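**Q** Okay, here's the structure, questions in a sec.
The values are calculated or read from the model by the stated rules, or taken from the named source; none is laboratory data. Note that the structure is predicted; figures quoted are calculated from it, not measured. Neighbour counts run over all protein chains shown; Cβ positions are idealised from the backbone, glycine included. Accessible surface areas use protein heavy atoms only, side chains included; no ligands, DNA or RNA. Shrake-Rupley method; radii C 1.70, N 1.55, O 1.52, S 1.80 Å.
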Amino acid sequence: MSELLLIGGSGGSGTRAVVRFLQQLGCYAGSELNESLDSMPVARLLDTWVDRWLGRKTDQVSELVAEFSEDYAQALSDHLVGCDSAICVVKNPRAMLLLDLLYAVRPDIKFLHLVRNGASMAFSSNQRQFELHGHFWPQLAGSREQAVLEFWAATNMAASDIGRQHPGQYAWLQYEAFCTSPLSQVRQVCEQLRLDLDWSRVDESLVSASGREQQQHDAINRLELESVRPALQRYGYPC
């Protein structure tokens, strides 16, 4: 039976690059993908379920878990058509936003959490998560970029806090470190997740950084970083 490796993170955090890298190693990425290599059967499910889960009331949890379990099983079945690999990847950045629900319905999943410098992400053109779901964090304030930065901190920290409750089934990967040394970084997280891959098939030259952070240096310096210091420090970024 194939192992399920879910991949998520903030939009634009490098999940597509990691999926491409894993495909070199023989991982199956899905039967129906968009240009970003997202699983479309699961993406269609998340269009409804992210808001339903984030907006839940305490007395709705059991009912929602039962309903989602059925819906997710069907989406996974569609995604996995044709899978003959030992490891099947399911990439959907927004999976990070309902990680506790995913563990509730599939305790066997392994989750790889991509993290990219939030100060840079604040200026990314990919702000779909913030635009679709940011209203669940009404405390976000300041300029749009500042609000996006605080959304990045809140959502990534929440995912890490959930993931830490599942040792051996959760690991986070810093995108910048991945670009610098993709093979060693991916091997490290795969060891944490107890995944066995054929490392002889790797071509590290296929991975390169975008240079976004250098281009945005002056703009990043205008952000107020104190409120997100715990998140930046957790993921190894200067603040």
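**Q** Report, by residue number, each residue of segment 1-53 that is closer than 26 Å to GLU63 by Cα and small (Gly, Ala, Ser).
**A** Of everything in segment 1-53, those that are closer than 26 Å to GLU63 by Cα and small (Gly, Ala, Ser) turn out to be GLY8, SER39, ALA43.
**Q** Between residues in segment 74-91 that are without any contact (Cβ under 8 Å) to a residue 60 or more places away in the chain and residues that are open to solvent by 70 Å² or more (accessible area, probe 1.4 Å), which pairs lie under 8 Å by C-beta distance while being six or more apart or on different chains?
**A** ALA75/ARG44; ASP78/GLU32; HIS79/GLU32
**Q** Are any residues in segment 100-130 more than 30 Å from ALA66 (Cβ to Cβ) and charged (D, E, K, R), and if so, which ones?
**A** ARG116
**Q** Select from segment 143-193 the residues that are open to solvent by 10 Å² or more (accessible area, probe 1.4 Å), touching a residue at least 60 places away in the same chain (Cβ under 8 Å) and in contact with an Asp or Glu (Cβ under 7 Å, 6 or more places away or on another chain) and list them in ascending order.
**A** Scanning segment 143-193 gives GLN146, ILE162.
**Q** Evaluate the following for TRP199: is it over 16 Å from SER13 (Cβ atoms), touching a Phe, Trp or Tyr at 6+ places or on another chain (Cβ under 7 Å), open to solvent by 40 Å² or more (accessible area, probe 1.4 Å) and in contact (Cβ under 8 Å) with a residue 12 or more places away in the chain?
**A** In short, no.
**Q** Inside segment 6-92, counting only helices (runs of 4 or more DSSP H) that do not spill past its ends, which hold 2 or more residues that are among the β-branched types (Val, Ile, Thr) and buried (at least 17 other Cβ atoms within 10 Å of the Cβ)?
**A** By residue number, 15-24, 40-54.
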